[in-house]
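I have placed the structure first, in the form of C-alpha cells, so that the comments after it can refer back to it.
Derivation of every value follows stated rules applied to the coordinates shown; laboratory data play no part. Quantities reported herein were computed from a predicted structural model and do not represent experimental measurements. Counting neighbours? That spans all protein chains shown, and the Cβs are built from the backbone with ideal geometry, glycine included.
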C-alpha cells in the first residue's frame, strides 16, 4: 500500500498566519524579511486563497522562509520538491528539507520522512526506518503517523518493530539527524526492556553506565 504525502495535511500544520492582515500587508512584511509572513504568502499562493494559485510563487516564498530556518516552510518546500509543485520534482532534495524540519521536531516532516522510506521516494525502501520515523512523528503529535503505524504493524513482524524502536532510541541518544532527546530514548528502552527485549536491556545498561541517558546509575545498569 502506497503511503503518500498528504499535501492538505502538511499545509494545515502549524498556526494560522496573517489572519488579520490583507494580502498586500502580508506581502510587504514578507518582502521585509518576516519569515511568518513569507510562509503565509506562500500558503495563499499554494492554495489559491484570495489570490490566483501560483505554485512558482509559493515555492519562492517557502524557500525564503526555509532559508531562515522556519520548520513549517522547510517541510512545505520538501513537499513541493516531492510533488513537483513550483519546482522540478526531486525526491532527494525533498528529503533534505524534510530532515532540516525534522531537527525542529516538525510532526509533518517526521511523517513525510517515514513515508519516503516506506515508498522509496529519494531513499531506498526500508520498513524499519519507515516505522521508526512514523514512531517519532506519532510522539511529536502527528495523527497520520498513528494510522501509518497501525497499518505497518500488520505488515512487519514484532522483531522488526522492536528493531526499529531500538534504532530510534539509539538515534535519539546520539543526536543523529534529529538532535538528542535522551529522555524519550530512555523511555523507549525502558518500555522495550519491560517487554523482554534483550537488546534494549543491554542498551539501557550501557546508557546508565555512561550517563548517555542523562544520569549515571550503576545500580540500575547492574540490574
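What is the percent of Cα-Cα separations in the chain that go past 26 Å? That fraction is 43 percent. With 10 Å bins beginning at zero, the pair-distance distribution over Cα atoms of the range 15-104 amounts to 20, 52, 25, 3 %. The spacing between the range 73-116 and the range 141-199, judged by their C-alpha centroids, is 22 Å.
Taking only DSSP H segments of four or more residues, each worth -39500 (n - 2.57), what value at 222 nm results for the chain once the sum is divided by all its residues, to the nearest 500 deg cm²/dmol?
Details: 13 runs with 150 residues, N = 223.
Taking each H run of at least 4 residues, the total per residue is -20500 deg cm²/dmol.
Dimensions of the range 129-223 based on its C-alpha atoms, expressed as ranges along the principal axes with the largest first, amount to 39, 27, 17 Å. Each of 97, 61 was scored by other Cβ atoms within 10 Å of its Cβ. Listed from fewest to most, they are 97, 61.
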